[in-house]
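Q: My structure is below; once you've seen it, I'll send some questions.
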Amino acid sequence: MRYQIRSILLAICFFLATDASAISFTADAIQMRGESPGQARMFWKDGSVRFEYLDQGVPMVQIFDNKNRKVIWLDTKNKVYMQRELTEEQAAPVDINTSEKYNPCTNFTEAECNFLKSTQYNGRAADKWLLTFNVDDKDHHVFQWIDQQHRILIRQENPDGSVLDVKILDDQEVNGRQVRKVDMIAISPDGSSVHGIQWYDEELNIVVRQQVDDGSIDELRNIKVEDVSSNLFAIPEGYKSVESQLTDSNSNLP
């Protein structure tokens with residue numbers, strides 16, 4: 001049985017939001033992959049996100065319209081658009097969680113959930129929990145430590161020997177903003193591991209920087225808290241859908 005660690009920390013997903021409607025802002029979204037960095041202008045409002053970027057020299061826009069559950073692509077040069085339903089995977093960057101804090105009993109409803117004690121872990125006050133799963137009429141025990149201040153998972157020990165370990169450092173700074181650093185390592189039963197670090201902005205309620213072992217980095221720079229027009233997340237007047245454009249082209253064929 002594979003025990004999924006359900007927490008913001010393991011997701012390692014850029015632009016995590018616990019209260020997506022709390023604030024609006026603009027920023028430069030930087031994505032570094034080897035020697036080929038990517039950059040987009042980002043606009044955030046009420047949990048929806050707009051990215052403006054160049055695709056092979058063509059100005060493009062991608063919109064995650066969380067309210068209407070749509071993802072939209074705009075070709076601003078040819079004034080055409082494509083629209084699709086927003087899948088759960090696509091929705092994650094803009095609406096991964098509500099403001100509710102992590103609770104093992106609600107995250108694992110199929111398990112027997114027992115609070116064990118309050119303790120210290122990695123220098124922080126934590127609550128230790130025992131989750132008992134019944135697998136083929138046998139008990140499988142999972143231990144979790146939950147940070148008392150931030151109510152997030154900071155350690156999980158699984159019966160197969162795999163472990164999640166998280167270190168939290170408050171009062172850090174990234175690009176002039178106050179952040180919380182979250183350093184996570186997930187170790188599998190064979191000893192291999194996955195390591196990631198996130199820097200979480202308390203005011204914006206999102207991750208503004210993250211990096212993993214292969215050197216990949218996602219980061220928000222030049223963040224400016226300001227009002228963002230709702231019109232930026234809608235299809236502009238005069239744009240035609242890609243599908244209708246293809247239909248018009250086919251109707252003109254001899």
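Q: Can you pick out the pairs among LYS167/LYS224; LYS45/LYS224; LYS67/LYS181; LYS101/LYS128; LYS70/LYS240; LYS67/LYS240 whose Cα atoms lie more than 20 Å from each other?
A: Numbers: LYS167/LYS224 29 Å; LYS45/LYS224 12 Å; LYS67/LYS181 30 Å; LYS101/LYS128 15 Å; LYS70/LYS240 17 Å; LYS67/LYS240 22 Å.
Where the Cα-Cα span goes over 20 Å, the pairs concerned are LYS167/LYS224; LYS67/LYS181; LYS67/LYS240.
Q: Please give the residues of region 135-160, grouped as numeric ranges, whose backbone N is less than 16 Å from a label point set 7 Å along the Cα-to-Cβ vector of LYS117.
A: Within reach of a label on LYS117: 143-146.
Q: Let me ask another. Can you tell me the length gained on complete extension of the stretch LEU130 to CYS105, counting 0.36 nm per residue apart and subtracting the Cα distance? Don't skip to the end; give the middle numbers.
A: Values: separation 25, 0.36 × 25 = 9.00 nm, distance 0.97 nm.
So the extension gain works out to 8.0 nm.
Q: Something else about it: Provide the packing ranking of 58-70, 117-129, i.e. peptides ordered by the mean count of other C-beta atoms within 10 Å per residue, highest first.
A: Numbers: 58-70: 17.0, 117-129: 14.3.
Peptide ranking by packing, descending: 58-70, 117-129.
Q: Next question. Grab the Cα-Cα distance for LYS240 and GLU203, subtract it from 0.36 nm times how many residues apart they are, and report the gain in nm with one decimal.
A: Answer, rounded to one decimal: 9.5 nm.
Q: What length, rounded to one decimal in nm, is gained on full extension from VAL212 through to ASP139, with 0.36 nm per residue of separation minus their alpha-carbon distance?
A: Using 0.36 nm per residue and subtracting the Cα-Cα distance, I get 22.8 nm.
Bear in mind these aren't lab numbers, they're just calculated from the coordinates by the rules spelled out. Model, not experiment: these values are computed from the prediction. Cβ atoms come from the backbone with ideal geometry, glycine included; neighbour counts cover every protein chain shown.
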